[in-house]
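The values are calculated or read from the model by the stated rules, or taken from the named source; none is laboratory data. Treat the numbers as computed from the prediction; the structure is a model and nothing was measured. We place every Cβ from the backbone using ideal geometry, glycine too, and count neighbours over all the protein chains shown. Surface areas here come from the heavy atoms of the whole protein model, side chains and all, with no ligands, DNA or RNA. Shrake-Rupley method; radii C 1.70, N 1.55, O 1.52, S 1.80 Å.
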Amino acid sequence: MKFRNFKMVDYVVYGRGCFDQLDEILAPRRTNGAPVIFLLDHYFEQNEAFKNRIPLRDNDELIIADVTHEPKTSYVDTIADHLKDKFGTVSGVVGIGGGSVMDLAKAVAIMMNNPGFAQDYQGWDLVKNKAVYKVGIPTLSGTGAEVSRTCVLTGPTRKLGMNSDFTPFDQIVLDPALIKGVPKDQNFYTGMDCYIHCIESLQGTYLNEFSKSYGEKALELCQEIYLHKDVWDEDSDEKLMMASYAGGMSIAYSQVGVANAVSYGLSYLLGTKHGIGNCIVFNHLEEFYPEGVAEFHKMVEKNSIYIPQGICRDLTDEQFDTMINVSLGMAPLWENALGKDWQSQMTRERLRALYEKL
Ligand code: NAD
């Protein structure tokens with residue numbers, strides 16, 4: 001098909017306090033006594049007040065999701081196998097947390113109805129069967145994982161998402177109260193994921209009016225909260241949550257670009273987290289995105305954010321090669337950024353020089 005016919009999230013509820021509607025939302029989805037599984041970001045493990053608001057019923061299970069590292073295919077398999085052994089099937093999987101938990105929840109829901117291992121489905125359109133019902137409830141905003149058709153996983157040989165029509169959530173719950181009080185650095189790193197998505201999408205060769213409309217809105221919201229406002233307040237949380245949604249929608253019909261392609265290599269080799277990794281890379285991408293990078297520098301300064309430098313200083317040739325291989329494997333990202341002849345522009349030498357700058 002010439003034009004992508006993409007699957008979107010089915011239901012969206014937005015508003016401060018809408019988390020408390022979750023019980024009502026889940027009620028009609030509970031089938032034949034099968035439980036609902038809640039995957040809760042470990043950040044909330046000791047927060048009894050929040051845990052008490054999770055509508056656990058009957059044999060439902062609350063699993064604390066360990067996101068010390070970004071989700072691995074082996075972790076997805078462990079959780080899905082546990083659920084299959086214990087319950088056979090489940091009524092649904094609800095992920096409550098940052099982008100890592102969003103991706104984990106999508107992947108576990110997929111593996112409940114698909115044979116084999118999560119690593120078998122890393123790639124494009126490899127998932128065979130519809131997932132079980134799945135709900136995403138972000139507690140960090142910026143990745144766009146709540147709306148995207150992928151769930152990024154690190155497997156034995158690569159970091160790559162399960163991109164498929166079965167990946168998007170059936171329902172998302174966007175409650176800006178849940179992102180209140182995120183520490184400043186984490187808020188910035190995840191928020192910049194959205195800002196960088198916008199720059200990569202708006203300057204990409206895949207751009208069309210659909211992507212542009214969402215991307216421009218998300219960019220405007222990011223500029224307002226990170227550049228023009230002097231205090232972070234409830235209005236900022238609301239704007240960031242909608243920026244993340246719009247940024248994710250912009251990518252749905254386009255692609256990300258150089259920052260993401262390069263940071264995948266860092267993440268694979270060094271375990272650098274996605275948000276901060278994108279910032280480390282974007283900081284040095286003047287040659288690709290001059291205006292966006294200049295504005296990013298202003299936002300870093302205004303918000304007094306620390307962006308690490310020199311992280312590739314002591315790497316070996318072999319390690320550089322590993323990162324280069326992972327990065328060049330992201331063909332659609334490079335094509336979006338540089339056009340169809342990207343391979344002649346982004347040589348291994350040029351990419352190595354870029355990694356050396358970080
Ligand atoms: P994250 O989910 O990795 O979380 C970062 C840290 O913040 C964790 O320690 C987490 O416990 C903590 N945290 C969660 N909620 C919090 C809160 N309310 N207050 C304070 N701390 C909180 O970070 P992220 O930036 O949201 O997500 C990054 C992940 O998203 C990566 O795994 C990346 O690959 C993925 N991602 C996915 C997509 C997609 O389309 N599927 C897009 C971009 C990124």
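For this structure, a couple of remarks:
- Between C18, C222, C279, the residue with the greatest mean-square fluctuation in the GNM of the chain (Cα pairs under 10 Å linked by springs) is C18.
- For trypsin sites (Lys or Arg not before Pro), the sites in the range 36-65 that DSSP calls loop and that have at most 15 other Cβ atoms within 10 Å are R53, R57.
- Using the Cβ-Cβ distance between K184 and I311 with R0 set to 25 Å, the FRET efficiency from 1/(1 + (r/R0)^6) comes to roughly 0.75.
- On the basis of the beta-carbon distance and an R0 of 30 Å, N32 and N5 show a calculated FRET efficiency of 0.40.
- Using C-alpha pairs below 8 Å separated by at least 6 residues, the relative contact order for the range 306-358 is 60 percent.
- Mean-square fluctuations from a GNM of the chain, with a 10 angstrom spring cutoff on Cα atoms, peak among D77, D237, D341 at D341.
- The angle separating the long axis of helix 348-357 from the principal Cα axis of greatest extent in the chain is about 80 degrees.
- Taking 0.36 nm per residue of separation and subtracting the Cα-Cα distance, full extension of the segment from E318 to D341 would add 5.6 nm.
- With all protein chains in place and ligands, DNA and RNA left out, the 1.4 Å accessible area ranks L315, L270 as L270, L315, largest first.
- Taking the three principal axes of the alpha carbon atoms in the range 6-69, the coordinate ranges are 32, 30, 25 Å, sorted in descending order.
- Tilt relative to the chain, helix 99-111 - C-alpha long axis, 0 to 90 degrees, to 10: 60 degrees
- The trypsin sites (Lys or Arg not before Pro) of the range 328-358 meeting both criteria, a DSSP state outside H, G, I, E and B (loop) and at most 12 other C-beta atoms within 10 angstrom of the site's C-beta, are K340.
- Virtual paramagnetic centre 7 Å along Cα→Cβ of L227, amide N under 18 Å, in the range 263-297: 279, 282-297
- Among the listed pairs K130/K212; K7/K106; K128/K340; K7/K128, those beyond 23 Å (Cα-Cα): K130/K212; K128/K340
- The range 1-147 - Kirkwood radius from inverse mean 1/r over Cα pairs (Å): 15.9 Å
- Shown are T205, T190, whose ranking by accessible area with a 1.4 Å probe and every protein chain present, most to least, is T205, T190.
- Computed over the chain: relative contact order in percent, which uses C-alpha pairs under 8 Å that are six or more apart: 15 percent
- Of the GluC sites (Glu not before Pro) in the range 265-296, those whose Cβ has at most 11 other Cβ within 10 Å and which sit in DSSP loop: E287
- Separation between Cα centres of the range 205-267 and the range 314-358, rounded to whole Å: 24 Å
- Its Cα gyration tensor gives the chain an equivalent ellipsoid, and the semi-axes of that ellipsoid, as √(5λ) in whole Å with the largest first, are 32, 24, 19.
- D165/E209 FRET efficiency (R0 25 Å; Cβ-Cβ; nearest 0.05): 0.65
- Note: relative contact order over the range 121-183, using C-alpha pairs below 8 Å and six or more positions apart, is 44 percent.
- Protection proxy ranking of 130-141, 224-235, by the mean of other Cβ atoms within 10 Å over each peptide's residues and highest first, is 130-141, 224-235.
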